[in-house]
Amino acid sequence: MLSITDLTISFKRGESKKFAVKNLSLTLKKGESLGIVGESGSGKSVTSLAVMQLLPPQAVVESGKIEFDGKDLLKLSFDEIRKIRGKRISMIFQEPMTALNPVIKCGKQVAEIIKIHTSLNNEEVKNKVIELFEKVKLPRPVKLYHSYPHQLSGGQKQRVMIAMALANKPDIIIADEPTTALDVTVQKEILLLLKELQKDYGMSLIFITHDLGVVAEITDNIAVMYKGEIVEQGTVKDIFTNPAHPYTKGLIACRPPLSGRPVKLPVVDDFLEGGKTDFAVETEESKKLRHKKIYSQDVLLKTENLITRYPLKKNLLGKPVKWLNAVNNVSFEVFPGETLGLVGESGCGKSTLGRSLLRLVEPYSGRIFYKETDLLKLKAKELKKYRKKLNIVFQDPYSSLNPRLNIGSAVTEPMKVHGIYTNDNERKKKAMELLERVGLTADVFYRYPHEFSGGQRQRIVIARALALQPEFLICDEAVSALDVSVQAKVLNLLNELKKEFGFTYIFISHDLSVVRYMSDRIMVMKEGEIVEFGDADEIFEHPENEYTKLLLESIPGIDAVFK
Amino acid sequence: MWAYFTRKILYGFLVLWGVITIVFFLFNILPGDPSRMLLGQRSDIASVEAIKKDLGLDKPVYLQYLNFLNDISPISLHNIKNKESYWYFDKSKYRNGKIILRFGKTGLVLKKPYLRRSYQSKREVSDIIAEAFPKTLLLASTSILLAMLLGVVLGIISALKKDKPVDRFLMVFSSLGMSVPSFFSAILMAWLFAFVLGKYTGLPMFGSLYSVDDYTGEVYINLKNLILPAVTLGIRPLAIVISLTRSSLLDVLSQDFIRTAYAKGLSKKAIIFKHALRNALNPVITAISGWFASLMAGAVFVEYVFDWKGIGVVIVDALEKYDLPVIMGSVLFISVVLIIVNILVDLTYAILDPRVSYR
């Protein structure tokens with residue numbers, strides 16, 4: 001149906017050229033669903049954009065053909081490709097938040113794609129859109145027809161995108177990371193929906209993702225991409241049970257497993273370099289011993305009936321009249337040296353809880369004890385002392401570093417504020433040490449954030465947190481924005497640092513397997529409340545709460561990959 | 001949505017009160033004796049005292065301030081019995097005033113805000129403003145409309161032809177337009193189009209919207225006189241609109257939802273007009289409304305050069321002659337206009353971008 005031969009695409013940057021896709025060949029049969037898996041920068045998205053002639057202007061197609069219906073798509077004029085886009089081949093993009101036009105009603109945006117390619121009248125088009133909305137299982141389709149994108153949830157927006165892609169019953173749907181920005185439970189629903197619709201309509205599907213678990217869930221065949229090339233291709237079963245290429249092996253191994261706890265997570269480099277690929281798992285006994293030691297100590301941090309709330313509705317004078325309790329009556333304890341996992345879906349209040357502990361968001365009521373001190377009773381000046389002991393690593397390494405400050409200033413600034421070390425030279429020496437400790441080189445000190453990749457930036461952010469020699473570190477989705485192989489490296493680093501400095505962590509994430517791997521105990525949060533709290537492995541093997549069960553079932557690829 | 005606007009309007013009143021207070025105290029502490037200004041240097045003590053009493057200058061400042069507030073407010077309290085009272089309801093001052101409630105000697109009055117009288121011409125300030133402001137409004141609206149329509153079109157062209165000669169030319173024009181001071185461009189325009197090319201264009205060097213025939217009292221309206229000042233005044237906003245539309249449109253065109261629109265198979269025209277432009281216009285509206293507001297305050301230089309008797313010229317004249325009531329009245333009036341313009345702009349935002357009122 002679609003065949004790509006010898007495709008090579010490069011990106012121009014000034015004089016230099018960078019190859020994004022190299023000699024790629026691929027075929028897609030009618031009704032086939034093909035997963036393309038690779039990490040950011042592997043060229044998977046570029047390939048799919050080339051099919052639709054949607055490449056950014058800097059991209060140059062050096063050679064190759066993309067044949068569809070006997071025509072080379074790369075050679076079509078704008079008006080010719082326009083007749084194929086949205087009618088024969090359609091696309092679903094990654095970010096449903098930004099992929100829809102914010103100022104046009106959802107229904108109108110879907111109606112538009114029908115109007116361009118058919119001659120139906122307005123009434124017929126509207127009925128068809130509502131029918132599509134029903135098909136993609138949107139609630140209250142008539143109402144949503146007249147809603148703007150910002151009034152919908154992320155999952156609903158993605159359903160609108162899918163409705164849009166399906167509208168003209170295309171031959172091929174290309175889905176580029178369609179569920180990456182969504183919660184696991186929503187992701188599961190969307191994947192099931194896509195699978196069902198693909199069967200119903202008899203379409204071919206190209207599913208692009210960085211997550212092996214997700215492709216296992218939805219596609220028949222997998223192509224693994226690495227540095228612009230397809231390194232391995234085969235059925236889902238083959239790839240998972242018998243990966244041939246070291247990169248594929250690494251990719252499968254570096255996901256935190258759902259049972260057992262390797263002392264160190266494997267990383268892709270281990271496989272590529274052909275080094276040691278056998279990793280020791282912590283035994284039950286050593287775990288028991290460790291836990292016994294942790295839980296026989298005095299409590300380090302304790303919250304009592306903590307409530308943090310946001311105004312929902314304000315009256316005419318701007319005085320809030322309705323509140324949302326983002327953190328609702330939460331009480332828990334953390335022991336020194338422990339890693340406490342906090343999981344939940346977006347909007348459950350887990351980040352707000354993390355920030356409340358440091359009083360980055362002011363809690364409304366309740367108490368937070370750090371050792372003996374009630375943090376909520378402290379004045380700004382006294383609190384500063386504790387800001388040094390308790391620190392936080394944020395989610396997005398791209399926006400949590402000031403682009404105009406060099407790395408050195410970013411790392412030394414907190415030391416300066418808290419008066420650690422007497423002069424700049426000492427601080428600089430210490431900063432360089434820390435940068436080396438997190439796996440970077442000392443010369444990073446003089447460079448700027450934009451020169452680094454996501455994983456490197458997260459290391460810098462960790463170094464910055466370490467600069468204050470904290471005792472207690474809150475990691476708020478610290479690895480969520482990273483590729484799996486990079487994620488494994490950062491997780492390893494966090495565990496090494498914990499051992500070395502004796503930290504206590506609160507590890508916040510929406511990714512259950514990551515949280516389980518990192519934590520001793522887990523709290524499951526839903527709508528501001530803790531619904532389940534207990535030993536990490538225990539919760540995973542025998543969840544009691546319905547919601548926890550649902551979360552666990554939604555982990556993508558759990559059947560195919562892990563059982 | 002409605003709560004949002006009610007809040008904006010309440011906020012507007014708060015701002016207005018702040019302006020009134022600042023204006024009052026600012027001009028109260030300035031040196032100079034209004035009674036002398038009214039009567040000239042050679043007046044006798046008795047008449048100076050009489051004027052002082054009439055203006056309430058013998059009263060303490062806080063009473064003067066309250067009296068000022070009372071005069072400006074459309075609903076006010078007055079003494080309706082005692083002619084000697086500072087608070088007396090004087091029909092010659094408060095024209096069209098109606099007493100709606102009486103309690104003893106006090107009356108609640110509904111009236112046109114009283115901005116007092118000019119020291120110079122003795123005319124009521126509100127009359128002076130009513131005469132000058134429509135001209136300024138016409139001039140400002142024309143030039144802004146011109147800048148907006150032409151600017152958005154040229155901005156789109158510039159964005160679509162990015163780095164092509166047309167774009168380069170428009171960018172040069174735009175930076176020139178932004179940097180040329182209006183008194184210079186005004187003189188240049190007048191010289192070039194009315195003096196040098198006057199024979200072909202038929203445009204006069206200067207002149208106001210209408211003139212009154214001294215003998216017959218007939219009023220002549222000369223719309224032709226509007227052209228040169230409006231174009232001159234429009235140059236700068238035009239330059240800004242072009243470059244803003246361009247950069248904002250280029251920004252929007254690189255957004256994800258534009259890629260979605262292409263993936264649907266839409267034509268370039270539909271993408272630009274249906275998907276991109278509405279998203280791109282917000283910063284343009286912000287800039288334009290700012291300019292519109294400042295033009296309302298009177299484009300002093302341009303009004304002066306073309307002898308367009310708008311509010312800018314009124315203010316400059318009043319400042320020169322230290323005509324306090326005219327200055328205070330004009331400043332207050334312009335504040336009200338600015339506040340109204342701002343509320344209207346917020347309304348436009350909410351219409352253009354449905355996300356606004358939720359923020």
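The values are calculated or read from the model by the stated rules, or taken from the named source; none is laboratory data. Please read these numbers as outputs of a predicted model, since none were measured by experiment. Don't worry about glycine lacking a Cβ; one is built from the backbone with ideal geometry, like all the others, and counts go over all protein chains shown. The protein model used for the area step is the full one, side chains on, heavy atoms only, and it has no ligands, DNA or RNA in it. Shrake-Rupley method; radii C 1.70, N 1.55, O 1.52, S 1.80 Å.
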* To do: Just tell me how shielded A:100-106 is by partners: mean number of partner chain Cβ atoms within 10 Å of each residue's Cβ, no decimals.
  => 6
* When DSSP beta bridges are limited to those with both residues in the protein assembly as shown, what percentage is antiparallel, rounded to the nearest 5? -> 60
* Asked: Can you list residues whose amide H is under 5 Å from A:L324's amide H, if they're 5+ apart or on another chain and H is modeled 1.01 Å from N?
  -> A:Y310, A:L312
* Asked: Once phi is turned into θ = phi - 60°, what whole-Hz ³J(HN,Hα) does the Karplus curve with 6.51, -1.76 and 1.60 give for every residue of the stretch B:261-277, x standing for Gly and Pro?
  -> 4, 4, 5, 6, x, 6, 7, 4, 4, 4, 5, 5, 7, 8, 9, 8, 4
* Sticking with the crude label model, points 7 Å out along Cα→Cβ, report the distance from B:D71 to A:D298 in nm, one decimal please. => 7.3
* Structure fact -> What helix-only [θ] at 222 nm does chain A give? Using -39500 (n - 2.57) per DSSP H run of at least 4, over all residues, to the nearest 500, the answer is -11500 deg cm²/dmol
* **A:K29 versus B:S121: modelled label distance in nm, points set 7 Å from Cα along the beta carbon direction** => 9.1
* **Interchain or long-range residues, amide H under 5 Å from A:G341's placed H** => A:F507, A:D520, A:R521, A:I522, A:M523
* Asked: Could you give the angle, 0 to 90 degrees to the nearest 10, between helix A:154-166's Cα long axis and the longest principal axis of the Cα atoms of chain A?
  -> 10
* **Nearest-ten-degree value, helix B:324-352 long axis tilted from longest Cα axis of chain B** => 40
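Using a Förster distance of 51 Å, how high is the FRET efficiency between A:T241 and A:D69, based on the Cβ-Cβ distance and rounded to 0.05?
0.90
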* Asked: If the chain between A:A280 and A:H418 were fully stretched, how many nm would it gain, using 0.36 nm times the residue separation less the Cα-Cα distance?
  -> 45.6 nm
* On Cα atoms only, tilt of A:380-389 relative to the major axis of chain A in degrees -> 70
* To do: Could you state the accessible area per residue of the protein assembly as shown in Å², with a 1.4 Å probe and every protein chain left in place?
  => 48
* Asked: Which FRET efficiency value, to the nearest 0.05, do you get for A:R13 and A:K313 by plugging their Cβ-Cβ distance into 1/(1 + (r/R0)^6) with R0 = 45 Å?
  -> 0.35
* To do: Find how many whole Å separate the alpha carbon centroid of the stretch A:406-426 from the alpha carbon centroid of the stretch B:255-274.
  => 48
* Asked: How far apart, in nm, are two points set 7 Å out from the Cα along the Cα-to-Cβ line at A:D200 and at A:T373?
  -> 5.9
* Arrange the peptides A:298-305, A:85-92, B:283-290, B:332-339 so that the one whose residues have, on average, the most other Cβ atoms within 10 Å appears first. => A:85-92, B:332-339, B:283-290, A:298-305
* First obtain the Kirkwood hydrodynamic radius of the stretch B:125-352 from its Cα pairs, then insert it into the Stokes-Einstein equation at 10 °C and 1.306 mPa s, and state the resulting D in µm² per second as a whole number. => 82
* Could you work out the relative contact order of the stretch B:125-352, using alpha carbon pairs under 8 angstrom and six or more residues apart, expressed as a whole percent? => 29
* Structure fact -> The FRET efficiency for A:D535 and B:A3, from their Cβ-Cβ distance with R0 = 60 Å and rounded to 0.05, is 0.80
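Given a 1.4 angstrom probe, I'd like the percentage of the accessible area of the protein assembly as shown that is carbon and sulfur, rounded to a whole number. Working shown, then result.
Details: 25430 of 44180 Å².
Of the solvent-accessible surface of the protein assembly as shown, carbon and sulfur hold 58 percent.
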* Whole-angstrom gap from the stretch A:217-247 to the stretch A:136-187, using each part's C-alpha centre -> 28
* Asked: Tell me, what ³J(HN,Hα) does each residue in the stretch B:129-139 have, in order and in whole Hz, if you take phi through Karplus 6.51 cos²θ - 1.76 cosθ + 1.60 with θ = phi - 60° and put x for Gly and Pro?
  -> 5, 4, 7, 7, 5, x, 5, 4, 4, 4, 4
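Shielding by partners for B:346-355, please: the mean number of other protein chain Cβ atoms within 10 Å of each residue's Cβ. Present the calculation step by step, with values, prior to reporting the outcome.
Values: counts 0, 0, 0, 0, 0, 1, 1, 4, 9, 6.
Averaged over the peptide's residues, the number is 2.
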* **Amide proton proximity set for A:V531, modelled H, under 5 Å, gap of 5+** => A:V524, A:M525, A:K526
* List, in order, the whole-Hz ³J(HN,Hα) value for each residue of the stretch A:16-29 obtained from phi through the Karplus relation with A = 6.51, B = -1.76, C = 1.60 and θ = phi - 60°; use x for Gly and Pro. => 7, 10, 10, 7, 9, 9, 10, 6, 8, 10, 7, 10, 10, 8
* Asked: Which whole-percent values make up P(r) of the protein assembly as shown when all C-alpha to C-alpha distances are grouped in 10 Å steps starting at zero?
  -> 2, 9, 15, 17, 17, 15, 11, 8, 5, 2, 0, 0
